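Here is the structure we will look at, set down as structure tokens.
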Amino acid sequence: MIYLKNIVKKYKSGSEEISALNDVSAEIKSGELTVILGPSGSGKSTMLNLLGGMDRPSSGQILINNKDLSNFSDKQLTNYRRKNVGFVFQFYNLVENLNTYENVGIAANLNGNIDKVEEIIKDVGLEKRMKNFPNQLSGGEMQRVAIARAVAKSPKLLLCDEPTGALDVATGDKIFHLLKKYSKNEDTAVVVVTHNPEVAKIADHVIRLQDGKIYSDEK
Ligand code: ADP
Ligand code: ADP
């Protein structure tokens with residue numbers, strides 16, 4: 001379980017201050033698919049960045065195993081990210097000159113899962129694309145490689161930023177169902193930021209943001 005408590009995040013932009021998040025509290029559970037919905041600029045990416053330890057809040061707490069991420073040093077945050085967090089992005093961010101096996105292998109190696117690479121790739125349905133490079137794969141296939149790479153770390157937290165933003169509806173649907181499958185793992189919390197309200201149908205938990213505040217929070 002991750003607790004966000006009264007999170008405020010302000011950005012300085014010249015002489016102005018922008019409140020990206022304003023008193024946001026929420027609970028993110030392992031074994032669940034949590035979806036963060038909201039219009040552009042509502043604070044979704046900011047929330048994901050804070051959960052992933054890419055940034056610290058201006059005030060408030062992010063409690064994970066009773067430790068407060070907002071007090072972590074840079075080194076502790078880097079460690080936390082490396083060991084506990086898997087990331088999936090809109091544009092995949094695969095290494096172009098590595099094939100599917102190698103892209104996933106790098107991540108698996110970090111957490112001693114190197115002997116499981118083939119199994120992980122089979123699990124995302126790409127057993128026939130093991131030796132292909134990213135430019136030989138479709139968008140949906142590249143996102144499957146990215147998901148395989150992220151789960152190869154056995155992350156406690158799988159953070160996905162607009163994972164279907166570059167995909168057609170049918171392909172995007174399959175990606176959401178794949179993420180749903182991984183969220184059933186009791187050791188993993190899956191958090192998806194999206195513009196796509198369709199995904200709310202398969203989510204366990206839907207948080208809607210509006211102007212940096214919680215607009216609704218439903219299980
Ligand atoms: P979306 O969530 O709609 O894909 P982004 O998260 O990329 O869009 O950006 C949302 C808003 O935040 C935009 O208005 C963008 O200009 C602004 N924004 C994003 N990153 C920065 C940044 N580093 N500095 C200033 N503004 C930013
Ligand atoms: P979303 O992901 O929902 O589009 P963001 O979290 O990207 O929203 O942005 C929330 C607000 O914070 C927006 O007003 C955006 O312009 C601002 N913002 C985001 N990142 C930065 C940044 N690095 N510097 C300044 N302003 C930012």
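Here are a few things to note about the model shown:
- Among the residues of segment 23-54, the ones that are more than 15 Å from the chain's Cα centre (by Cα), open to solvent by 60 Å² or more (accessible area, probe 1.4 Å) and either aliphatic (A, V, I, L, M) or more than 10 Å from ligand 1 (Cβ to nearest atom) (or both) come to 2 in all.
- Close contacts from segment 68-85, counting a first residue that is touching a residue at least 60 places away in the same chain (Cβ under 8 Å) and closer than 14 Å to S154 by Cβ and a second that is of a type in the set (A, V, I, L, M, F, W, C) and open to solvent by less than 50 Å² (accessible area, probe 1.4 Å), with Cβ to Cβ under 7 Å and a gap of 6+ residues or different chains, come to N84/L157; V85/L157; V85/L159.
- Residues within segment 169-205 that are surrounded by 15 or more Cβ atoms within 10 Å (Cβ to Cβ), farther than 17 Å from L158 by Cβ and within 16 Å of ligand 2 (Cβ to nearest atom), tallied: 1
- Some residue of segment 150-162 being touching a helix residue (DSSP H, G or I) at 6+ places or on another chain (Cβ under 9 Å), of a type in the set (K, R), at negative phi and part of a loop (DSSP other than H, G, I, E, B): yes
- Taking (1) assigned to a strand (DSSP E or B); (2) touching a Gly at 6+ places or on another chain (Cβ under 6 Å); (3) more than 16 Å from ligand 1 (Cβ to nearest atom); (4) open to solvent by less than 20 Å² (accessible area, probe 1.4 Å) in turn, V8 satisfies each apart from (4).
- Tabulated pairs, segment 191-216, first more than 20 Å from V85 (Cβ to Cβ), second more than 13 Å from ligand 2 (Cβ to nearest atom) and assigned to a loop (DSSP other than H, G, I, E, B), C-beta under 7 angstrom, 6+ apart or interchain: N196/T164
The values are calculated or read from the model by the stated rules, or taken from the named source; none is laboratory data. Computed from a prediction, not measured in an experiment: that's the story for all the values here. So basically every Cβ, Gly included, is an ideal-geometry build from the backbone, and we count neighbours across all protein chains shown. In case anyone asks, the SASA skips ligands and DNA or RNA and just uses the protein heavy atoms, side chains included. Shrake-Rupley method; radii C 1.70, N 1.55, O 1.52, S 1.80 Å.
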